[in-house]
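S.K.: Structure incoming, see below.
The values are calculated or read from the model by the stated rules, or taken from the named source; none is laboratory data. Everything quoted here is computed from the prediction, not taken from an experiment. Virtual Cβ from ideal backbone geometry, glycine too; neighbours counted across all protein chains shown.
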Amino acid sequence: MIPTFTGLLKIFILIGIAVYIIFAFIVVKQVKIMNLTLKVGLETPIKISSYLHLAFAVLVFLFALFAL
Amino acid sequence: MAQIPESDATLLGFKTKNPLTSFAYEPENVHFIDQDPEEKIILFLRWHPITNLGWILTALFLFLGPSFLGSFSIFSTLPLNYRFIVVLLWYLIATAYTYEKFLHWYFSGFLITNKRVVDIDFINLIYREISFASLEKIQDVTIKSGGGLMAIFNYGNVFIQTAGEIPNVEFEKIPKPDKVVKVLKGLLLQNNQTEKKGQI
């Protein structure tokens, strides 16, 4: 079966978002390390923002998986 | 160990708990890795906020970008769900760019304590560099400042030359470099006086 243009596009989009999720996960880890390195007073909001960022990426992936 | 210098009246105005500050004198809410219990931070510095203008404008452009996507004919040919995903992807990339730039500025800091100077460099998301130099090892301090923006907004680089194999430390794009050098030289003077008293 020859994949359609939109089928191929969906695969590329999913791969792209999956790579982005890995990046977002690395951001979470690095924010944790940096919060230990330098404490200035915004540790909790920055940590929460890194998790929200990861969650956003996962939600976009799930949307792309089921809606495309 | 140098005693904390007598508070300069002009520096007292820079005592703040603002976590987004670029210049804080004796900040109470700042701590760094490997800080000794008796070690007190005298100055906490970051790049001057004006250095963020470039990426802030770029981020604004990125977040407004989807408004112009309709101008591209290929975008209009895509089904509605694909167009939505393309917009979401655009915002993901814009968020990544903005977030990375903010974290780079937020976590890159310079500290002067009563024992040493610390340079925390958050190079990128997977690489950081932390340099320490004891006050005893500091040989020379130089201000490097040039250009219109640096003159208007009073920021510059402070180059700290250290002895031996310890790498030199450079405080880059920090506000009020003159005050920073004044504080540093005061600490070095006190340190030298303390050492001489110890030798007598």
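S.K.: Every residue in the stretch B:27-41 that is without any contact (Cβ under 8 Å) to a residue 60 or more places away in the chain and in contact with a strand residue (DSSP E or B) (Cβ under 6 Å, 6 or more places away or on another chain), please.
M.R.: B:PRO27, B:HIS31, listed by residue number.
S.K.: Suppose we keep only residues that are surrounded by 14 or more Cβ atoms within 10 Å (Cβ to Cβ) and under 18 Å from the mean Cα position of the chain (by Cα) within the stretch A:33-50. Which one would you say is nearest to B:ALA24 (Cα to Cα)?
M.R.: It comes out as A:ILE46.
S.K.: Taking the stretch A:52-68, which residues are surrounded by fewer than 14 Cβ atoms within 10 Å (Cβ to Cβ) and either under 19 Å from B:ILE126 (Cα atoms) or of a type in the set (Phe, Trp, Tyr) (or both)?
M.R.: A:PHE66
S.K.: Right, B:LEU88: out of contact with any His (no Cβ under 9 Å at 6 or more places or on another chain) and farther than 16 Å from A:MET34 by Cβ or not?
M.R.: Spelling it out, B:LEU88 is indeed out of contact with any His (no Cβ under 9 Å at 6 or more places or on another chain) and farther than 16 Å from A:MET34 by Cβ.
S.K.: Out of everything in the stretch B:156-182 that is within 27 Å of A:ASN35 (Cβ to Cβ) and touching a Leu at 6+ places or on another chain (Cβ under 8 Å), what residue ends up being surrounded by the fewest Cβ atoms within 10 Å (Cβ to Cβ)?
M.R.: Checking each candidate, the answer is B:PRO175.
S.K.: Further question: Could you give every pair whose Cβ atoms fall below 7 Å, whose first residue belongs to the stretch A:45-68 and is on the phi < 0 side of the Ramachandran plot and in contact (Cβ under 8 Å) with a residue 60 or more places away in the chain, and whose second residue is surrounded by fewer than 18 Cβ atoms within 10 Å (Cβ to Cβ) and not charged (D, E, K, R), counting only separations of at least 6 or pairs across chains?
M.R.: Between residues of the stretch A:45-68 that are on the phi < 0 side of the Ramachandran plot and in contact (Cβ under 8 Å) with a residue 60 or more places away in the chain and residues that are surrounded by fewer than 18 Cβ atoms within 10 Å (Cβ to Cβ) and not charged (D, E, K, R), the close pairs are A:LEU68/B:ASN81.
Let's see how each residue does on (1) modelled with pLDDT of 95 or more; (2) over 30 Å from B:SER131 (Cβ atoms); (3) touching a His at 6+ places or on another chain (Cβ under 7 Å); (4) more than 11 Å from chain B (Cβ to nearest Cβ):
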| position | (1), (2), (3), (4) |
| --- | --- |
| A:LEU8 | no, yes, no, yes |
| A:GLY16 | no, yes, no, no |
| A:ILE21 | yes, yes, no, no |
| A:MET34 | no, no, no, no |
| A:LEU52 | yes, yes, no, no |
| A:ALA55 | yes, yes, no, yes |
| A:LEU68 | no, yes, no, no |
